[in-house]
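Take a look at the structure set out below.
The values are calculated or read from the model by the stated rules, or taken from the named source; none is laboratory data. Bear in mind that the values here come from a model prediction, so they are computed numbers and not experimental data. Ideal geometry is used to build each Cβ from the backbone, glycine not excepted, and the neighbour counts take in all protein chains shown. Heavy atoms of the whole protein, side chains included, go into the accessibility calculation; ligands, DNA and RNA do not. Shrake-Rupley method; radii C 1.70, N 1.55, O 1.52, S 1.80 Å.
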Amino acid sequence: MSFAVVQAGTSLQAVDVATGAIADITLPAGVTIDATLRCRFVVIDRKIVVFNAVSENIWIDPITLATHRLGIGAPPSAPTLAAGGGTGLTGAYRAKVAFGQKDGGGAVVNLSPLSEASNEVTLANEDLAVSAIAISSNPDVNFRRLYRTAAGGTTFFEWVDIDDNVTTSYVGSESDAAISDLPAPTITNAPGGTVPGSRMTLATAWKSRIWGVSSDDDEIDDAAYTDLNTIYAWSNANRLPAFPKGEDRFGITGFIPRRDALGLCKRSRLLKVIGESNDDFQVLIVVENIGVLASDSIVVIRDKAYFLWEDGVYRWDDEGVVCISRASVDPWFTTGTYFNRDLFARAVGGYNPFTNAYELGLVPAGETDLLHWVAYNIENSEWLGPNLTDAFTPSYRGLLKDDGALLPAIGSDDGYLYLQNQAVLSDVAAAAVAIHGKLRTRHHSQKNPDITHYWGRLALESRVESGGTLTARAYVGGVDAAAGVTQSFNLTLGRQIGLRLGVGRLCSLEFEQQEAGLGFLIYGYSITETFEVGRR
Amino acid sequence: MPRELPDYLVGQKGLNLVASPLHTPDGGLLVAQNVEYIRVFGAGGIGTRGGLARLNASPLAGAVLAFTYVPLATNAFGGGGGPATLLVALEPGASLGVPWIGSTDGAAFSTIAALTEPALYAYWAPDNTNEVSRPGAVSLASDAFYFVNDSRQLVKWNGATQTIPLPAFPASVENIYSLTVLSGLIYFDTHNGAPSETVYSWNPSTGVLTQIGTLTTVTGEYVPIGTNNVTLLIGLAATIPAAREVYALSGGSWLLDHTLGAAEIPASMLPFGGAFYLGTLRSGSSGAPIVLARSGAGVWSTSLTASDVDGAFGPFVEFDGKLFVCHWEPSAPVTKIYVFDGASWTLDEDLVSSFGFDGTEHPGQAVVFDGALYWAFPRPDDFPAENGSLLKRTAAGAWSQVINNRCLTGALGVVGA
């Protein structure tokens with residue numbers, strides 16, 4: 001049964017996508033959520049990992065919704081070694097210990113950094129006695145892992161697991177050949193969010209790793225990542241800088257996880273990580289003087305990324321980075337007439353698979369909430385909007401899934417998830433509230449905008465509806481023409497021919513309907529008997 | 001009350017001609033509020049958007065600041081209170097034992113004693129008559145597991161077996177075939193032995209059976225149903241002559257959405273990533289089968305062409321955020337699993353070389369259970385021999401054989417998830 005994890009104010013809750021049922025998610029003791037920040041979720045390795053808005057990073061078991069701290073502090077003290085009473089080992093040895101958590105099947109799900117090294121003990125056909133094995137105060141810790149060197153060595157290898165958080169001693173005589181061949185991991189805690197005060201401001205999954213950015217000033221330009229298929233194995237070696245470091249106070253402003261590259265976004269440049277592992281990861285510049293302003297505006301659709309920058313919406317794909325708003329709706333993003341440009345950083349993007357459109361929620365000019373949104377139809381490269389959401393205050397966008405189908409959804413300030421692509425043509429709050437549908441065509445010129453035209457009768461082809469009327473207004477004259485002929489079309493008829501529209505250089509039409517439970521679908525229209533005045 | 005939007009700029013792409021601008025690429029709009037492009041069924045235009053429906057009936061604890069979809073199983077919503085069980089249907093022949101076995105760990109299987117209703121064969125297969133074999137099917141609804149039994153009746157299982165007492169179909173001999181679930185309703189098609197098909201929905205909550213549109217009589221025998229929660233699609237495959245058509249439900253009527261190529265027959269469907277994917281069947285050395293993609297805007301295109309001729313693509317299954325499909329051709333033999341990551345297809349496993357398949361293993365149903373993909377490969381031609389296989393694929397990409405030499409029907413299910 002698939003579900004959604006939702007940050008609802010200062011709480012985390014799960015919502016059944018099929019039924020809408022809600023289940024509370026209890027945070028670990030002492031962990032809180034800041035309602036002024038957005039949680040960053042990553043689902044990987046059958047775990048849900050939560051960053052940023054939480055005071056400490058946590059992960060959620062999807063089966064039970066139990067929560068656990070992601071960061072387990074390193075053992076505060078090193079174990080103590082001595083010769084035991086048995087036989088078997090000869091040479092100099094040292095050991096370390098780590099705290100860990102295993103699931104019910106015995107698989108390791110979390111592991112702390114290693115302790116400091118123990119004292120060195122030299123054995124002569126003796127066994128190795130470990131004492132003072134640290135005990136964790138973290139209630140999630142249910143085993144400790146001991147690491148030790150081979151005789152005379154300096155590399156620590158996995159030795160043995162103590163499957164409790166109680167025992168403080170162990171005696172073993174496993175030969176050097178019998179212990180693991182793999183060196184101990186160089187685990188650190190996540191660079192942000194392990195302790196209160198720092199945060200992992202951004203997080204995403206790419207190439208089976210978690211990638212994140214710390215809020216610490218000296219780390220905001222570094223992309224940190226885990227080892228393959230783990231949520232806990234961060235290390236100092238797993239970091240890539242989005243150069244140049246220190247160029248602004250924002251650092252990395254977004255991740256773009258494409259198939260073969262991870263975009264590292266900054267305010268004024270876009271870089272990418274390519275490669276598969278530490279052996280071949282590289283950071284390359286994609287473009288400069290273009291960046292990402294709003295991390296939540298980033299949406300990747302079939303390996304093409306869409307995002308908002310200061311002067312418009314850009315697309316990054318294999319052909320490069322292009323502005324897709326400049327040619328047609330540039331003033332939306334370059335003037336303050338339509339949207340509150342000071343709050344561009346709050347913009348939230350989404351993908352609607354039914355209309356094959358990138359949708360972007362924006363704050364209208366003079367307002368502070370995401371009440372407007374625009375849509376970019378990928379199929380025909382057309383923009384529609386600005387649309388107005390009036391029934392509630394949108395706060396977030398994303399995709400859900402039910403039985404395999406993608407369900408674009410909008411989160412709201414009133415605590416509801418609203419599903420898009422509904423057939424009911426009434427507002428959600430009450431069935432009797434109409435949705436205000438309005439569209440305005442471009443200015444027609446008959447290819448000669450300087451010549452006065454006679455604009456004849458308007459012929460409308462539309463879907464046959466069960467009822468309703470569509471109002472059509474003509475704007476004839478210059479681009480500043482006032483509304484002229486206004487007429488109503490009966491939407492039960494399919495095709496109608498209306499009134500003559502008037503005389504002027506240009507002609508634009510506005511169609512409008514606002515009737516509860518009724519809608520319209522315009523297949524096309526034409527203006528009959530149109531000619532240049534004096535040249536009929 | 002809705003408020004007025006501010007005035008708008010002067011036109012997208014400048015000035016334009018006058019005629020019929022709404023559904024041509026060059027005829028874009030100036031501005032549009034609360035309308036969207038609707039470009040399906042060949043009658044596209046611009047129409048009103050629907051309202052938004054609340055998913056949760058009661059409000060959450062605060063403003064929704066972020067959310068993520070989790071494609072994993074949870075017990076948080078009372079899914080039986082215990083571990084999920086993987087159900088595997090067996091052919092209950094005279095000496096072959098019980099019809100269902102189950103496992104809570106995907107490794108050790110035991111008899112499901114209370115589940116005595118045998119399942120219809122559930123496999124995808126072309127045969128020598130240029131026909132797609134009918135798949136019996138199982139499906140999951142929110143409250144129980146449903147499957148088609150050996151008598152082609154709809155059966156519900158939630159710890160006890162219940163044969164759904166469906167009202168009489170127009171033709172008394174109609175039988176149920178493939179199932180799909182959409183918004184809590186179970187959709188299925190029926191076939192009465194004559195060349196006609198009818199699609200119905202059944203509401204488990206109310207027991208209401210509803211006929212979905214009326215299909216023109218076509219020489220067809222098999223209707224795979226696919227849905228993306230917005231559009232319900234069916235494909236008609238036929239004996240001879242082939243009706244190579246895909247229909248979409250629009251306004252209560254089935255409309256021809258796409259006609260396949262001359263040698264292509266629809267074999268299976270699944271929505272994935274906002275598009276539909278349809279596998280085709282080819283036979284008689286007529287070429288390689290293909291996978292077609294139908295975009296959210298209703299545009300069809302070829303997504304994958306098999307590297308081997310003949311055979312069929314099917315079934316599809318989504319797992320680990322990827323789309324899997326089997327290409328099976330018995331005579332070559334070919335049994336290859338392809339995987340689509342949203343951008344490109346790759347060969348995931350060749351079961352002939354990996355597991356020694358010889359072409360008699362028909363691709364049956366596949367389900368996701370406990371974080372892994374389980375895929376049944378029955379050998380119906382060998383009944384009562386017990387040579388079917390159940391394969392497992394982990395998220396890491398490792399294939400293994402979980403069951404071998406059992407007489408599978410190809411039907412699988414998961415309960416309690």
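All Cα-Cα separations within the range A:375-463 were binned at 10 Å from zero, giving a P(r) of 11, 30, 31, 15, 12, 2, each value a whole percent of the pairs. In percent, rounded to a whole number, the relative contact order of the range A:308-414 is 17, using alpha-carbon pairs under 8 Å and six or more apart. Of B:Leu256, A:Leu371, the order by accessible heavy-atom surface (1.4 Å probe, DNA, RNA and ligands excluded), from most exposed downward, is B:Leu256, A:Leu371. Between A and B, buried accessible area from a 1.4 angstrom probe totals roughly 10400 Å², ignoring ligands, DNA and RNA. In this structure the amide hydrogen of A:Val485, modeled in the peptide plane, comes within under 5 Å of the amide hydrogens of A:Ala474, none closer than 5 places in sequence on its chain. For the range A:474-489, putting each phi into the Karplus relation 6.51 cos²θ - 1.76 cosθ + 1.60 with θ = phi - 60° gives couplings of 9, 10, 10, x, x, 5, 9, 4, 7, 4, x, 4, 10, 9, 10, 10 Hz, in residue order, rounded to whole numbers and with x for Gly and Pro.
Basic side chains Lys and Arg get +1 at the Cβ, acidic Asp and Glu get -1 at the Cβ, and with that the dipole of the range B:254-387 about its Cα centre reaches some 460 debye.
Applied to the range A:266-280, the Karplus parametrisation 6.51 cos²θ - 1.76 cosθ + 1.60 on θ = phi - 60° returns per-residue 3J(HN,Hα) values of 10, 5, 10, 6, 10, 10, 9, 9, 10, x, 10, 7, 4, 5, 9 Hz, with x for Gly and Pro.
Other protein chain C-beta atoms within 10 Å of residue C-beta, averaged over A:374-381: 5. Rolling a 1.4 Å probe across all protein chains gives B:His258 an accessible area of roughly 50 Å².
Surface composition of the range A:415-536: carbon and sulfur make up 49 percent of the accessible area, probe 1.4 Å.
List the trypsin sites (Lys or Arg not before Pro) within the range A:412-499 that fall in a DSSP loop (any state other than H, G, I, E or B) and whose Cβ has at most 16 other Cβ atoms within 10 Å.
Values: sites: A:Lys438, A:Arg440, A:Arg442, A:Lys447, A:Arg457, A:Arg463, A:Arg473, A:Arg495; in loops: A:Arg442, A:Lys447, A:Arg463.
In loop regions of the range A:412-499 (DSSP not H, G, I, E or B), the sparsely surrounded trypsin sites (Lys or Arg not before Pro) are A:Lys447, A:Arg463.
For the peptides A:248-259, A:349-360, residues were scored by their other Cβ atoms within 10 Å and the scores averaged per peptide; the highest-first order is A:349-360, A:248-259.
Could you work out, residue by residue across A:327-340, how many beta carbons of other chains sit within 10 Å of that residue's beta carbon, and then give the average as an integer? Please report the intermediate quantities before stating the final value.
Numbers: counts 3, 8, 7, 2, 3, 3, 0, 0, 1, 0, 4, 6, 1, 0.
That works out to 3 on average.
Database remark: amide H of A:Ser426 closer than 5 angstrom to the amide H of A:Gly517, B:Gly51 (H placed geometrically; neighbours at sequence offset of 5 or more, or on other chains; Pro and chain starts carry no H). Mean per-residue shielding of peptide A:346-355 is 4, counting Cβ atoms of other chains within 10 Å of each Cβ.
Around the amide H of A:Ala184, modelled in the peptide plane, lie the amide H atoms of A:Phe156, A:Phe157, A:Glu158, all under 5 Å away and 5 or more residues distant in sequence or on another chain.
Computed over the range A:193-336, the P(r) curve from all C-alpha pair distances, binned at 5 Å from the origin, holds 2, 10, 20, 23, 20, 13, 7, 3, 2, 0 percent per bin. Have a look at A:Val503, A:Pro257, A:Val49 and report the one farthest towards the positive end of the charge dipole of chain A, computed about the Cα centre with Cβ charges (Lys/Arg +1, Asp/Glu -1). My answer, from the dipole projection, is A:Val503.
Taking 20 °C and 1.002 mPa s as conditions, the range A:483-536 diffuses translationally at an estimated 158 µm²/s according to Stokes-Einstein applied to its Kirkwood radius (Cα pairs). Each of A:Leu362, A:Asn278, A:Gly350 was placed along the dipole of the range A:271-382 (beta-carbon charges, centred on the mean Cα), and the one lying farthest toward the positive end is A:Leu362. Using only Cα positions of the range A:390-536, each an equal point scatterer, no hydration layer, compute I(q)/I(0) via Debye at q = 0.21 Å⁻¹ and quote the log10 values to two decimals. The Cα Debye sum returns log10 ratios of -1.18.
Could you sort A:197-209, A:317-329 so that the peptide with the highest average Cβ count within 10 Å comes first and the rest follow in order?
Result, highest mean first: A:197-209, A:317-329.
Here the 3J(HN,Hα) profile of the range A:76-89, calculated from phi with Karplus coefficients 6.51, -1.76 and 1.60 at θ = phi - 60°, is x, 9, 7, x, 10, 10, 7, 6, x, x, x, 10, x, 10 Hz, Gly and Pro shown as x.
Across chain A, Cα pairs under 8 Å and at least six residues apart give a relative contact order of 7 percent.
Cross-link reach is defined here as a Cα-Cα straight distance under 25 Å, omitting same-chain residues fewer than 8 places apart; for A:Lys447 the lysines meeting it are B:Lys13.
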